[in-house]
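Would you mind keeping the following structure in view while I ask a few things?
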Amino acid sequence: MEIPSSTPIPSKMKAWVYGEYGNASNVLKLDSNVTVPQVKEDQVLIKVVAASINPVDAKRMLGLFKASDSPVPTVPGYDVAGVVVKVGGQVKRLEVGDEVYGDINEKALDHPKRYGSLAEYTAVEESLLALKPKNLSFAEAASLPLVIETAHEGLERTGFSAGKSILVLGGAGGVGTQIIQLAKHVFGASTVAATSSTSKLELLKSLGADLAIDYTKENFEDLPEKFDVVYDAVGQCDRAIKAVKEDGGVVTIAGPVTPPAFIFVLTSNGSVLDKLKPYLESGKVKPVLDPKGPFPFSQTVEAFSYLETSRAVGKVVIYPIP
């Protein structure tokens with residue numbers, strides 16, 4: 001999709017907005033008269049082509065983070081893929097016409113942007129973006145930033161390295177599908193085990209899991225084998241600590257936390273996407289999009305309702321965005 005640089009940037013745009021807290025079906029509205037965000041010196045303006053939604057978007061909309069959130073009204077959306085149409089004065093790497101992607105909020109829960117990616121345009125710091133891998137569509141690229149960066153940061157924080165074993169709880173979800181692939185194909189895991197429901201076991205194996213565990217039929221903590229690292233992407237910390245070796249590590253992204261496990265909140269950084277680009281371009285690491293999608297921009301509320309079922313496989317993507 002090429003956007004000629006001569007295309008004038010409008011002053012108003014279409015965006016999904018909520019002005020009060022609640023479920024998307026109650027509070028999220030399409031507004032055709034939202035002001036296009038101004039670009040700061042270190043930012044670029046992106047014509048959004050695709051976005052994806054994450055549990056953090058839904059939790060934020062419910063008001064669970066309002067103590068540290070930006071004030072409403074809010075345009076939700078962390079993940080973006082699109083085309084640069086304007087650059088701030090201090091921008092060094094990116095230029096108009098570049099196809100980029102990223103997670104637009106450096107600190108996920110510390111005053112995330114009021115103008116997110118579920119809009120025709122969004123303004124983002126250059127440091128949070130990377131050039132889109134040529135082999136990925138905009139929809140595929142939009143599915144990746146938050147989940148692949150979360151997977152990567154968690155693995156780094158546990159000191160995960162080649163030859164170690166890992167158990168991934170929630171292997172078929174957005175973050176889980178990326179943890180499996182990064183652990184196996186980037187970090188060089190000796191063994192990757194992962195949990196899912198029955199219908200998703202083959203997906204786990206296709207991504208690189210050596211052992212796919214059906215959580216409807218067996219308890220992972222009863223396995224004779226213990227793991228160097230357990231990465232809990234679903235909030236089962238109390239059970240996760242029973243599956244780790246004595247000197248191993250347990251990391252979670254969903255509380256509550258049972259020691260010795262620890263929790264972290266993503267710090268977004270475009271350099272992680274740059275570092276992983278060779279793995280994405282070679283196909284060793286792939287985006288995983290839920291087969292029900294992508295949802296068109298007009299069906300963003302339906303996309304959130306589907307995300308809230310917790311049954312999505314991989315990522316729920318919004319595309320195309322007009």
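The values are calculated or read from the model by the stated rules, or taken from the named source; none is laboratory data. Just so it is clear, the model here is predicted, and its values are computed rather than measured. Backbone-built Cβ (ideal geometry, glycine too); neighbour counts: all protein chains shown. Ligands, DNA and RNA are excluded from the accessible area calculation, which covers all protein heavy atoms including side chains. Shrake-Rupley method; radii C 1.70, N 1.55, O 1.52, S 1.80 Å.
Among the candidates Ala189, Ala193, Ala172, Ala209, single out the residue that is surrounded by 23 or more Cβ atoms within 10 Å (Cβ to Cβ), modelled with pLDDT of 95 or more and under 20 Å from the mean Cα position of the chain (by Cα). Give the steps one after another, and end with the answer.
Details: Ala189 fails: under 20 Å from the mean Cα position of the chain (by Cα); Ala193 fails: under 20 Å from the mean Cα position of the chain (by Cα); Ala209 fails: under 20 Å from the mean Cα position of the chain (by Cα).
Residue meeting the stated conditions: Ala172.
Oh, and also: Taking Ser70 as the residue in question, decide whether it is touching a His at 6+ places or on another chain (Cβ under 7 Å), open to solvent by less than 40 Å² (accessible area, probe 1.4 Å) and either aromatic (Phe, Trp, Tyr) or within 25 Å of Gly255 (Cα to Cα) (or both).
Working: touching a His at 6+ places or on another chain (Cβ under 7 Å): yes; open to solvent by less than 40 Å² (accessible area, probe 1.4 Å): yes; either aromatic (Phe, Trp, Tyr) or within 25 Å of Gly255 (Cα to Cα) (or both): yes.
It is true that Ser70 is touching a His at 6+ places or on another chain (Cβ under 7 Å), open to solvent by less than 40 Å² (accessible area, probe 1.4 Å) and either aromatic (Phe, Trp, Tyr) or within 25 Å of Gly255 (Cα to Cα) (or both).
To continue, here is another question. Every residue in segment 123-154 that is under 17 Å from Val49 (Cβ atoms), part of a strand (DSSP E or B) and in contact with an Asp or Glu (Cβ under 8 Å, 6 or more places away or on another chain), please.
Within segment 123-154, Ala130, Leu131 meet the criteria.
Within segment 12-34, identify whether any single residue is buried (at least 21 other Cβ atoms within 10 Å of the Cβ), β-branched (Val, Ile, Thr) and in contact (Cβ under 8 Å) with a residue 60 or more places away in the chain, and answer yes or no.
Scanning segment 12-34, I find no residue that is buried (at least 21 other Cβ atoms within 10 Å of the Cβ), β-branched (Val, Ile, Thr) and in contact (Cβ under 8 Å) with a residue 60 or more places away in the chain, so the answer is no.
Kindly check whether there is at least one residue in segment 274-287 that is modelled with pLDDT of 95 or more, within 21 Å of the chain's Cα centre (by Cα) and among the polar types (S, T, N, Q). Steps first, please.
So in segment 274-287, the residues modelled with pLDDT of 95 or more come out as 274-287.
When the remaining residues are screened for being within 21 Å of the chain's Cα centre (by Cα), the result is 274-287.
Checking the rest, the ones that are also among the polar types (S, T, N, Q) come to 282.
The answer is yes; a qualifying residue exists.
Examine segment 288-295 for a residue that is open to solvent by 30 Å² or more (accessible area, probe 1.4 Å), outside any strand (DSSP E or B), free of Cβ contacts under 8 Å to residues at least 12 places away in the same chain and not charged (D, E, K, R), and state whether such a residue exists. First the steps, then the outcome.
Residues of segment 288-295 open to solvent by 30 Å² or more (accessible area, probe 1.4 Å): 289, 291-292, 294.
The next check asks that each one be outside any strand (DSSP E or B); those that pass are 291-292, 294.
Going one step further and asking which of them are free of Cβ contacts under 8 Å to residues at least 12 places away in the same chain, we end up with none.
No, there is no match, as no residue in segment 288-295 is open to solvent by 30 Å² or more (accessible area, probe 1.4 Å), outside any strand (DSSP E or B), free of Cβ contacts under 8 Å to residues at least 12 places away in the same chain and not charged (D, E, K, R).
Kindly provide the set of residues from segment 300-309 that are touching a residue at least 60 places away in the same chain (Cβ under 8 Å) and either open to solvent by 20 Å² or more (accessible area, probe 1.4 Å) or within 18 Å of Ser199 (Cα to Cα) (or both), ordered by number.
The initial filter retains those residues of segment 300-309 that are touching a residue at least 60 places away in the same chain (Cβ under 8 Å), namely 300-301, 303-305, 307-308.
Across segment 300-309, the qualifying residues are Val301, Ser305, Leu307, Glu308.
Give me the residue from segment 260-281 that is in a helix (DSSP H, G or I) and open to solvent by 20 Å² or more (accessible area, probe 1.4 Å) and, out of that set, nearest to Ala183 (Cα to Cα). Walk me through it before giving the result.
Filtering segment 260-281 down to residues in a helix (DSSP H, G or I) leaves 270-281.
When the remaining residues are screened for being open to solvent by 20 Å² or more (accessible area, probe 1.4 Å), the result is 271-272, 274-275, 277-279, 281.
Numbers: Ser271: 19, Val272: 15, Asp274: 18, Lys275: 15, Lys277: 16, Pro278: 15, Tyr279: 12, Glu281: 17 Å.
That would be Tyr279.
Please work out if Val257 is more than 30 Å from Ser127 (Cα to Cα), among the β-branched types (Val, Ile, Thr), part of a loop (DSSP other than H, G, I, E, B) and open to solvent by 20 Å² or more (accessible area, probe 1.4 Å).
Details: more than 30 Å from Ser127 (Cα to Cα): yes; among the β-branched types (Val, Ile, Thr): yes; part of a loop (DSSP other than H, G, I, E, B): yes; open to solvent by 20 Å² or more (accessible area, probe 1.4 Å): yes.
Here the answer is yes, as Val257 does meet what is asked.
Name the single residue, out of those in segment 85-123 being of a type in the set (A, V, I, L, M) and out of contact with any helix residue (DSSP H, G or I) (no Cβ under 9 Å at 6 or more places or on another chain), that is nearest to Glu149 (Cα to Cα). Spell out the reasoning first.
First, the residues of segment 85-123 that are of a type in the set (A, V, I, L, M): 85, 87, 91, 94, 96, 100, 104, 108-109, 118-119, 123.
Going one step further and asking which of them are out of contact with any helix residue (DSSP H, G or I) (no Cβ under 9 Å at 6 or more places or on another chain), we end up with 85, 96, 119, 123.
Numbers: Val85: 25, Val96: 25, Ala119: 22, Ala123: 20 Å.
For segment 85-123, the residue satisfying everything is Ala123.
In addition: Out of (1) buried (at least 22 other Cβ atoms within 10 Å of the Cβ); (2) within 17 Å of the chain's Cα centre (by Cα); (3) aliphatic (A, V, I, L, M), what's the single condition that is false for Val230?
Of everything listed in (1) buried (at least 22 other Cβ atoms within 10 Å of the Cβ); (2) within 17 Å of the chain's Cα centre (by Cα); (3) aliphatic (A, V, I, L, M), Val230 misses just condition (2).
Which of the residues that make up segment 95-122 are touching a Lys or Arg at 6+ places or on another chain (Cβ under 8 Å), open to solvent by 10 Å² or more (accessible area, probe 1.4 Å) and part of a strand (DSSP E or B)?
Glu99, Tyr121
Here is a list of conditions, (1) among the basic types (Lys, Arg); (2) touching a residue at least 40 places away in the same chain (Cβ under 8 Å); (3) surrounded by fewer than 21 Cβ atoms within 10 Å (Cβ to Cβ), and Lys59 meets all of them except one; can you say which number that is?
Looking at each condition in turn, Lys59 falls short on (2).
Have a look at Lys184, Lys200, Lys217 and point out the one that is out of contact with any Pro (no Cβ under 7 Å at 6 or more places or on another chain), surrounded by fewer than 16 Cβ atoms within 10 Å (Cβ to Cβ) and of a type in the set (Lys, Arg).
Working: Lys184 fails: surrounded by fewer than 16 Cβ atoms within 10 Å (Cβ to Cβ); Lys200 fails: surrounded by fewer than 16 Cβ atoms within 10 Å (Cβ to Cβ).
One residue alone meets the criteria, Lys217.
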